[in-house]
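Taking it in order: structure first as structure tokens, then the write-up.
No lab work stands behind these numbers, since they all come straight from the coordinates. All values reported here derive from a predicted model rather than from experimental measurement. As a convention, Cβ positions derive from the backbone with ideal geometry for all residues, glycine included, and neighbour counts pool all protein chains shown.
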Amino acid sequence: MGKSVKILTVVMAIMIFASIYLIFAYAPMEQSMLEIQKVFYFHVSAAFTAFVAFGVNFVFSIRYIIKRKVNHDLIAVASAEIGLLFCTAVLLSGPLWARVSWNTWWEWEPRLTTTLVMWLMYIGYFILRTILTGDRRRIYSAVLGIFAGLNVPIVYHSVNIWQKASQLHPDTNTKYDMPQSMTLTLWFVFFSFLSFYALMLILQYRLAKSNLRYETIRQQHLGEM
Amino acid sequence: MRIIVLFSFLIVLGLFLMSQIPVVLTSNEVDEAVSDAIAQVESTAEKKGEAVPQIDEDEVTTAVKLAIEKLENDQKRRLKFLCAAYFVIWLAIMLYVIRIGRKQHALDLRLSQLEQDSPNSQEEPPE
């Protein structure tokens, strides 16, 4: 393990512990939802981190299409995988929060529906990568990555785009109306998730690169035999 | 990495159990609090020279107990869902980290297999 990875691991661990302290000890209890509102900090931060991860996938998919560098494809895939992890966490924690706050597990309202569509698109991205091989796999998945990336702003702004009557989620300005301690906690948890994302991206990228190198050496080795 | 995730999960669980367990009031505590409250109402009325109100202590105690029970059940439900939400997030992260660790382990195994199969590995290293 490199020095930078070790430092990032320590920083991430400290930030995660501090996040837990901030959520349970520092942030005030929201008066209408009470304890269940504490899900908000991890739920929203996971959603923001998924957006960042899918954004990175979008950028590196474009870069791969333009430059055709394998490294760009590897970064795009690694980022999409971590984004999918966070998006799954959002989709699993959301219904548990909704059951108490809205008295329903799921509602086909704009934010939930677009998030599910986004999740399914990235599931499709990985199915595509399993089916295809070689350059075709990289090109086609990069195209799908770009297409799926365009959905991210739609998910974020879905609460503003569609009619207010059909919404259960608050609009995008709500985070500015919260008490300062809540906002601070939210941003801190988001940055601690971001540090986890960065660490996983580095590890996943290195692993994918090593796998690629192994396959190349193996092919050479088989050719020699 | 796995240890850190597991450790932090246990910390979450520990913090949750220590600080978020609802305060359960015993029947005696409720009886005592109701008696104190009624006595306080009666003494206030006496001080003001007003007629002492007739309060049925049993009825008040039953109403208070029902109210407390409802509040406690609501809180338990909220905490149960809060715990479940945090648990699924940590479970997802932990499974992902374990998956990366397994992939790394599989790669290490394949590399050592390749080294064994390599014809150069049989030869003496050049001096």
Residue in the stretch A:139-161 that is under 30 Å from residue B:78 (Cα atoms) and over 21 Å from the mean Cα position of the chain (by Cα) present: yes
Qualifying residue in the stretch A:81-102 (condition: crowded, with 22+ Cβ neighbours inside 10 Å, within 10 Å of chain B (Cβ to nearest Cβ) and polar (S, T, N, Q)): yes
Condition met for residue A:111 (over 24 Å from residue B:96 (Cβ atoms), within 14 Å of chain B (Cβ to nearest Cβ) and among the basic types (Lys, Arg)): no
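Test residue A:36 against the stated conditions and say whether it is assigned to a helix (DSSP H, G or I) and either aromatic (Phe, Trp, Tyr) or surrounded by fewer than 21 Cβ atoms within 10 Å (Cβ to Cβ) (or both). So that I can check it myself, show each step before the final result.
Details: assigned to a helix (DSSP H, G or I): yes; either aromatic (Phe, Trp, Tyr) or surrounded by fewer than 21 Cβ atoms within 10 Å (Cβ to Cβ) (or both): no.
The answer is no for residue A:36.
Just wondering, is there one or more residues in the stretch A:110-133 that are touching a Lys or Arg at 6+ places or on another chain (Cβ under 6 Å), surrounded by fewer than 14 Cβ atoms within 10 Å (Cβ to Cβ) and either within 30 Å of residue A:35 (Cα to Cα) or not hydroxyl-bearing (Ser, Thr, Tyr) (or both)?
The initial filter retains those residues of the stretch A:110-133 that are touching a Lys or Arg at 6+ places or on another chain (Cβ under 6 Å), namely A:129.
Checking which are surrounded by fewer than 14 Cβ atoms within 10 Å (Cβ to Cβ) leaves us with none.
Within the stretch A:110-133, not a single residue is touching a Lys or Arg at 6+ places or on another chain (Cβ under 6 Å), surrounded by fewer than 14 Cβ atoms within 10 Å (Cβ to Cβ) and either within 30 Å of residue A:35 (Cα to Cα) or not hydroxyl-bearing (Ser, Thr, Tyr) (or both).
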Of all residues making up the stretch A:19-29, the number that are within 11 Å of another protein chain (Cβ to nearest Cβ) and in contact (Cβ under 8 Å) with a residue 12 or more places away in the chain: 3
